[in-house]
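A.B. asks: First, the structure itself, so that you have it in front of you.
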Amino acid sequence: IPPFPAVLKKRLVKLVVNFLFYFRTDEAEPIGALLLEHCRITKEEENVFSISFIEEPERKYCFECATEEQCQEWVEALKRASYEFLRRSLIFYRNEIQKMTGKDPLEQYGISEEARFQLGTHRQ
């Protein structure tokens with residue numbers, strides 16, 4: 001028996017940066033939110049994907065979409081929503097721009113040498 005019984009509920013969801021807010025269909029205020037960090041987005045079956053967290057792998061949130069196309073769009077958007085993904089993208093594009101132009105694109109925004117060094121060298 002799973003520790004958390006599966007309960008199907010109709011919810012509206014809204015992705016804002018790295019938070020997935022969920023709402024009851026008849027209310028304007030969210031009833032909760034999932035912080036999309038240290039999580040795994042998994043395609044489960046047709047029209048269904050799940051979110052599970054590395055710290056709590058037994059707790060899984062499943063979402064059923066109206067279509068397979070909508071499901072794929074959500075999976076891709078959620079995978080791009082984490083801070084770590086955005087950080088890796090920034091480092092990649094910063095390095096590409098630096099190779100092409102010979103200049104650090106962050107320099108014009110007054111980001112200190114130390115911050116740029118930390119950004120470029122901190123790897124997991």
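A.B. asks: Within straight cross-link reach of residue 99, meaning Cα distance under 15 Å, which aspartates and glutamates are found once same-chain residues fewer than 8 apart are removed?
C.D. replies: Excluding near neighbours in sequence, the set is 107.
A.B. asks: Count charges around residue 49 for me, please; just the other residues with Cβ under 15 Å from its Cβ, Lys/Arg as +1, Asp/Glu as -1.
C.D. replies: Counting the neighbours of residue 49, the net charge comes to -2.
A.B. asks: For residue 97 and residue 21, FRET efficiency with R0 = 22 Å and r from the beta-carbon atoms, rounded to 0.05?
C.D. replies: With a Förster radius of 22 Å, E is 0.10.
A.B. asks: Let me ask something else. Please give the length that would be gained between residue 40 and residue 54 if that part of the chain were fully extended, namely 0.36 nm times their separation in residues minus their C-alpha to C-alpha distance (nm, one decimal).
C.D. replies: 4.3 nm
A.B. asks: Which of the lysines could a cross-linker span from residue 14 if the Cα-Cα distance has to be under 26 Å and same-chain partners fewer than 8 positions apart are dropped?
C.D. replies: Residue 14 reaches 43, 60, 79.
A.B. asks: Students often check this: by mean Cβ neighbours within 10 Å, which of 98-104, 79-85 ranks highest, and how do the rest follow?
C.D. replies: Going by the mean number of other Cβ atoms within 10 Å, highest first, we get 79-85, 98-104.
Laboratory data are not the source of any read-out in this text; all were calculated from the coordinates shown. Values in this document were obtained by computation on a predicted structure and should not be read as measured data. Heads up, the Cβs are rebuilt from the backbone with ideal geometry, glycines too, and the neighbour counts pull from every protein chain shown.
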